[in-house]
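Novice: Before we start, here is the structure in question, set down as structure tokens.
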Amino acid sequence: QLYRYDSNGNLKNQITSGPWVVGNVIKIDTTASRIFFEGYGREEGQNPYYSNLYSVKFDGSGFSHLTPEDATHSINASDEGNYFVDNYSRVDLPPKSVLRDGSGKVIATLEEADISQMVEQGWKAPESFKVKAADGATDIYGVMWKPFDFDSTKTYPVISYVYPGPQTEPFPANFTIGGSRARTTTLAQVGFIVVAMGNRGGSPIRSKYYHNYGYGDMRDYPLADNKYGIEQLAGRHSFIDASKVGTYGHSGGGFMSTALLLTYPDFYDVAVSSAGNHDNNIYNIWWGEVHNGVKEKKKTVTKMNEDSTKTKEEVITFDAPVETNIELAKNLKGKLLLVHGDMDNNVHPANTTRLVNALIKEGKRFDMMMLPGRRHGFGPMQPYFDRMTWYYFAEHLLGDYRTNVEFNLPKDED
């Protein structure tokens, strides 16, 4: 929420209040004593991941909702005057750009995306959904992608695209046809229902409780919600085959997808895990300390003084242990593909190497690919990795073992 302080740091008044989250401050109009800012989760019945623009006076009066459309709004403010370019969309609503004044009134429509040619070619929008977390009470939001030739009388394996957070979640709120959150579309065309959903311990735009849920349990906190979410969707839709379940993710999602396969080996059948931080104890130390916690340890040691007398001294150290996927290696039953760039500049390849070592010691059969010269993002090798993913899931969830050698990579554009 927003609070007003004087120049000496004394609280003058609380400006906003309520069970919702304030986002970025977009603009401060000191002449009118008014703040323009983003907010999440305030509008009843609306997806809480949608960003809205609000304004309020410094004393908390004159609160206004400036973006009434049921969509997520990306706002850019003018340097002079209170004018705002509002680009808004949903996963099933193409982007529209309008110019608003300080009251939220639309002054002009600037641009509107035309997707008619996509639709003519058979493109279909994904669908938003809501399920419950494993506690049976917390709402979990997500998005579902279907094959464009979807037949409701058939059944399809389901694949969960995952990222645990805690800073963000894996599904889009806005309209998108590119980037990592759109690769779900192409995977669905292989013959799958692809879903991506949040989990407790994820995005901070939900609430402090929701965001902090995973503190002290960095490996396991998102797992039960994902499994329960898939179970609910399968119970809701007869076209989902809950006996064939896959999962995949990158970075933290690589960590989570492997953890799902190893924690629930009788539920998840296949995982493709790329650049996973499988051992957060060798990942960036601040990550575990901030999101998993730090434990203070005290011990008494004996020291020898300069005069050769012994004295006892209390020494304080700090430890931030995080549970790892290495500890779960013995549980592997399904099919696991591990992929890592050998020059990863974020998640060191040793994270995957340690897991590989543990799997070998347990006598487990798995698949692995190191991408030469690739960092945390796979860059020009992304199309190759995408096709590896399609083939891996097709083989182990559809029984489609093709013998072709060529991946038919897209040609470079000049």
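The values are calculated or read from the model by the stated rules, or taken from the named source; none is laboratory data. It should be emphasised that the depicted structure is a prediction, and the values quoted were computed from it without experimental measurement. With ideal geometry, Cβ positions are generated from the backbone for all residues, glycine too; neighbour counts draw on all protein chains shown.
Novice: Spot the failing condition for Val322; the list is (1) more than 21 Å from Gly288 (Cβ to Cβ); (2) in a loop (DSSP other than H, G, I, E, B), and only one is missed.
Specialist: Checking Val322 against (1) more than 21 Å from Gly288 (Cβ to Cβ); (2) in a loop (DSSP other than H, G, I, E, B), the one that fails is (1).
Novice: Restricting to region 267-279, what's the tally of residues that are surrounded by fewer than 24 Cβ atoms within 10 Å (Cβ to Cβ) and among the hydrophobic types (A, V, I, L, M, F, W, C)?
Specialist: The number of residues fulfilling the criteria is 2.
Novice: Kindly provide the set of residues from region 33-43 that are more than 17 Å from His211 (Cβ to Cβ) and either at pLDDT below 95 or hydroxyl-bearing (Ser, Thr, Tyr) (or both), ordered by number.
Specialist: Once the filter is applied, which keeps residues that are more than 17 Å from His211 (Cβ to Cβ) and either at pLDDT below 95 or hydroxyl-bearing (Ser, Thr, Tyr) (or both), region 33-43 yields only Ser33.
Novice: Which of the numbered conditions does Arg200 fail, given that it passes all the others? Conditions: (1) charged (D, E, K, R); (2) free of Cβ contacts under 8 Å to residues at least 60 places away in the same chain; (3) over 17 Å from Lys244 (Cβ atoms).
Specialist: Of everything listed in (1) charged (D, E, K, R); (2) free of Cβ contacts under 8 Å to residues at least 60 places away in the same chain; (3) over 17 Å from Lys244 (Cβ atoms), Arg200 misses just condition (2).
Novice: Another question about this same structure. For region 156-170, how many residues are within 15 Å of Val195 (Cα to Cα) and part of a loop (DSSP other than H, G, I, E, B)? Let's see the steps before the verdict.
Specialist: First pass over region 156-170, keeping only residues within 15 Å of Val195 (Cα to Cα): 156-164, 169-170.
Okay, now just the ones that are also part of a loop (DSSP other than H, G, I, E, B), so 162-164, 169-170.
Residues in region 156-170 being within 15 Å of Val195 (Cα to Cα) and part of a loop (DSSP other than H, G, I, E, B): 5 in total.
Novice: Continuing with the same structure: Touching a helix residue (DSSP H, G or I) at 6+ places or on another chain (Cβ under 7 Å) and farther than 21 Å from Asn280 by Cα - does that describe any residue in region 326-345? Break it down into steps so the answer makes sense when it comes.
Specialist: So in region 326-345, the residues touching a helix residue (DSSP H, G or I) at 6+ places or on another chain (Cβ under 7 Å) come out as 326, 328-329, 331-332, 334-340.
Okay, now just the ones that are also farther than 21 Å from Asn280 by Cα, so 334-335.
The answer is yes; a qualifying residue exists.
Novice: Applying the selection to region 280-319, what residues are under 27 Å from Ala350 (Cα atoms), assigned to a strand (DSSP E or B) and in contact with a Lys or Arg (Cβ under 8 Å, 6 or more places away or on another chain)?
Specialist: Selection gives Thr317, Phe318, Asp319.
Novice: Another question, then. Tell me, please, whether a residue that is in contact with a Ser or Thr (Cβ under 9 Å, 6 or more places away or on another chain), crowded, with 16+ Cβ neighbours inside 10 Å and modelled with pLDDT of 95 or more can be found in region 280-289.
Specialist: Checked against the condition, which is being in contact with a Ser or Thr (Cβ under 9 Å, 6 or more places away or on another chain), crowded, with 16+ Cβ neighbours inside 10 Å and modelled with pLDDT of 95 or more, region 280-289 yields no hits at all.
Novice: Please find, within region 140-167, the residue that is surrounded by the fewest Cβ atoms within 10 Å (Cβ to Cβ) out of those that are under 15 Å from the mean Cα position of the chain (by Cα) and of a type in the set (S, T, N, Q).
Specialist: In this case the residue turns out to be Gln167.
Novice: Moving on. Report, ordered by the first and then the second residue, all pairs with beta carbons closer than 6 Å, sequence separation of six or more or different chains, a first member in region 7-27 that is without any contact (Cβ under 8 Å) to a residue 12 or more places away in the chain, and a second member that is not hydrophobic (A, V, I, L, M, F, W, C).
Specialist: So the pair list comes out as Leu11/Tyr5; Lys12/Arg4; Lys12/Asp6.
Novice: Look through Val322, Val272, Val290 and report the one residue that is free of Cβ contacts under 8 Å to residues at least 40 places away in the same chain and of a type outside the set (S, T, N, Q). So that I can check it myself, show each step before the final result.
Specialist: Values: Val322 fails: free of Cβ contacts under 8 Å to residues at least 40 places away in the same chain; Val272 fails: free of Cβ contacts under 8 Å to residues at least 40 places away in the same chain.
It is Val290.
Novice: To continue, here is another question. List every residue pair whose Cβ atoms lie under 6 Å apart, where the two residues are 6 or more positions apart in sequence or sit on different chains, the first residue falls within region 226-251 and is among the β-branched types (Val, Ile, Thr), and the second residue, located anywhere, is assigned to a helix (DSSP H, G or I).
Specialist: Ile240/Leu233; Ile240/Ala234; Thr247/Ser257; Thr247/Leu260
Novice: Could you grab me the full set of residues in region 243-266 that are assigned to a strand (DSSP E or B) and buried (at least 24 other Cβ atoms within 10 Å of the Cβ)?
Specialist: Within region 243-266, Val245, Gly246, Thr247, Tyr248, Gly249, His250 meet the criteria.
Novice: What's the total number of residues in region 110-146 that are under 25 Å from Tyr49 (Cβ atoms), in contact (Cβ under 8 Å) with a residue 12 or more places away in the chain and not in a strand (DSSP E or B)?
Specialist: Within region 110-146, residues that are under 25 Å from Tyr49 (Cβ atoms), in contact (Cβ under 8 Å) with a residue 12 or more places away in the chain and not in a strand (DSSP E or B) number 12.
Novice: Of the residues that make up region 362-378, is at least one surrounded by 13 or more Cβ atoms within 10 Å (Cβ to Cβ), in contact (Cβ under 8 Å) with a residue 40 or more places away in the chain, of a type outside the set (Gly, Ala, Ser) and under 14 Å from Asp279 (Cα atoms)?
Specialist: No, because not a single residue in region 362-378 is surrounded by 13 or more Cβ atoms within 10 Å (Cβ to Cβ), in contact (Cβ under 8 Å) with a residue 40 or more places away in the chain, of a type outside the set (Gly, Ala, Ser) and under 14 Å from Asp279 (Cα atoms).
Novice: Here is a further query. Can you name the residue in region 325-348 that is assigned to a loop (DSSP other than H, G, I, E, B) and either outside the structural domain of Gly254 (by TED's automatic domain parsing) or among the aliphatic types (A, V, I, L, M) (or both) and is also surrounded by the most Cβ atoms within 10 Å (Cβ to Cβ) among such residues? I'd like the intermediate steps shown before the answer.
Specialist: Taking region 325-348 as the starting set, the residues that turn out to be assigned to a loop (DSSP other than H, G, I, E, B) are 325, 332-334, 342-348.
Narrowing the set further to residues that are either outside the structural domain of Gly254 (by TED's automatic domain parsing) or among the aliphatic types (A, V, I, L, M) (or both) leaves 332, 343, 347.
Details: Leu332: 20, Met343: 12, Val347: 27.
Per the criteria, the residue is Val347.
Novice: Okay, next question. Tally up the residues in region 384-414 that are part of a loop (DSSP other than H, G, I, E, B) and of a type in the set (A, V, I, L, M, F, W, C), please.
Specialist: Taking region 384-414 as the starting set, the residues that turn out to be part of a loop (DSSP other than H, G, I, E, B) are 399-414.
Next, from what is left, pick out any that are of a type in the set (A, V, I, L, M, F, W, C): 405, 407, 409.
Matching residues across region 384-414 total 3.
Novice: So, one more: Restricting to region 313-365, count the residues that are farther than 23 Å from Tyr221 by Cβ and touching a Pro at 6+ places or on another chain (Cβ under 6 Å).
Specialist: 2
Novice: Given (1) of a type outside the set (Lys, Arg); (2) surrounded by fewer than 20 Cβ atoms within 10 Å (Cβ to Cβ); (3) in a strand (DSSP E or B), where does Gly62 come up short, assuming only one miss?
Specialist: (3)
Novice: In region 176-194, how many are assigned to a loop (DSSP other than H, G, I, E, B) and closer than 13 Å to Met144 by Cα?
Specialist: Looking only at that region, the number is 2.
Novice: What do you reckon, is Lys105 surrounded by 12 or more Cβ atoms within 10 Å (Cβ to Cβ), without any contact (Cβ under 8 Å) to a residue 60 or more places away in the chain and among the charged types (D, E, K, R)? Give the derivation first.
Specialist: Working: surrounded by 12 or more Cβ atoms within 10 Å (Cβ to Cβ): no; without any contact (Cβ under 8 Å) to a residue 60 or more places away in the chain: yes; among the charged types (D, E, K, R): yes.
So Lys105 does not fit the description; no.
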